[in-house]
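Engineer: After the structure tokens below, expect a handful of questions from me.
Each reported figure results from applying straightforward, stated rules to the coordinates on display, with no laboratory input. All values derive from a computational prediction rather than experimental measurement. Note that we place each Cβ from the backbone using ideal geometry, even for glycine, and neighbour counts take in every protein chain shown.
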Amino acid sequence: MKTWQIAKPAGQPGTAVWHADLAGIRLTPACARWLSADEQGRAARFLRLQDRDRFVRSHLALRRILAGYLGRDPGDLCFDHAENGKPELGGSDRGRLQFNLSHSGAHALVSIADGVAIGVDVEVARPLGDVMAIARAHFHAGEIAALAGRPAAERTMAFLACWTRKEAVVKALGTGLSLPLDSFEVTLPPGPATIRSWARDASRWQDWSLHHLDLGAQAVGAVAVARGGESCALYRLPSDDESL
């Protein structure tokens, strides 16, 4: 079976993000057995079938990608949680790779790094109502001002770009809601993605890399790496039909 034969392309950066179309991942009985009892239990707790389906497909994609990097069978991987609650590889694979998963709509992103914290986030384009009200409640003053300066027609995608950049940083840190989103400032497109300031430590942001991910017109994504000057390659995960 070829569906999990994924590996870092030669000569490319060690830090990577894999973009998966969840509709292209088949839910077969054999693949369902890859999931652990914990993953199956979490999936079963979703009330809406589409949310359960999205969870299962995204975790199958995660296992497929990690297994390719590690030379393992997807069903043999086990997961644990760091002290801060962030998911990590467990068992004999503990510490071999850092990873992060995000999914929204039919899109899933899996980020991979070696020896450095990494976080990724994706959001599909959708009506959000008053994005300025949401921004004022959560964003840094500089981000609010930048968003207010955008034409109304561009604000939703600019808001989502800002949100994914901030969420990627929070997910890399593994701090969850303990790090207020207004405690650091990121840039908005079309300029390069960077962390402009960090309230907790004025110099800390210089040791980070932040990248915008071009996912087409219907979704926006970002990846954050806790190491300055880190490049990141973006790959597309082949669908099951392409892998045959």
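Engineer: I need a count of the residues in segment 58-73 that are free of Cβ contacts under 8 Å to residues at least 60 places away in the same chain, touching a strand residue (DSSP E or B) at 6+ places or on another chain (Cβ under 7 Å) and farther than 25 Å from Lys166 by Cβ.
Structural biologist: 1
Engineer: Six or more apart or on different chains, Cβ atoms under 8 Å: show the pairs whose first residue is in segment 178-191 and polar (S, T, N, Q) and whose second is crowded, with 19+ Cβ neighbours inside 10 Å and assigned to a loop (DSSP other than H, G, I, E, B).
Structural biologist: Listed pairs, sorted by first residue: Ser183/His140; Thr187/Ala193.
Engineer: Taking the condition of being within 16 Å of Ile195 (Cα to Cα) and basic (Lys, Arg), how many residues in segment 135-183 meet it?
Structural biologist: The total comes to 3.
Engineer: Run Leu70 past the list (1) closer than 30 Å to Asp240 by Cβ; (2) in contact with a helix residue (DSSP H, G or I) (Cβ under 8 Å, 6 or more places away or on another chain); (3) surrounded by 19 or more Cβ atoms within 10 Å (Cβ to Cβ) and report the number of the one that doesn't hold.
Structural biologist: Of everything listed in (1) closer than 30 Å to Asp240 by Cβ; (2) in contact with a helix residue (DSSP H, G or I) (Cβ under 8 Å, 6 or more places away or on another chain); (3) surrounded by 19 or more Cβ atoms within 10 Å (Cβ to Cβ), Leu70 misses just condition (3).
Engineer: Another question about this same structure. Quick one: which helices (runs of 4 or more DSSP H) lie wholly within segment 99-212 and hold at least 2 residues that are closer than 30 Å to Leu62 by Cα?
Structural biologist: Those helices (runs of 4 or more DSSP H) span 152-173.
Engineer: Quick one: count up the residues across segment 74-130 that are at negative phi and in contact (Cβ under 8 Å) with a residue 60 or more places away in the chain.
Structural biologist: 27
Engineer: Now, a different point. If Cys78 meets every condition in (1) surrounded by fewer than 15 Cβ atoms within 10 Å (Cβ to Cβ); (2) closer than 21 Å to Val169 by Cα; (3) in contact with a Gly (Cβ under 6 Å, 6 or more places away or on another chain); (4) not aliphatic (A, V, I, L, M) apart from one, which number is that one?
Structural biologist: (2)
Engineer: For Asp80, all conditions in the list (1) assigned to a strand (DSSP E or B); (2) under 26 Å from Leu213 (Cα atoms) hold save one; what is the number of the exception?
Structural biologist: Condition (2) is where Asp80 drops out.
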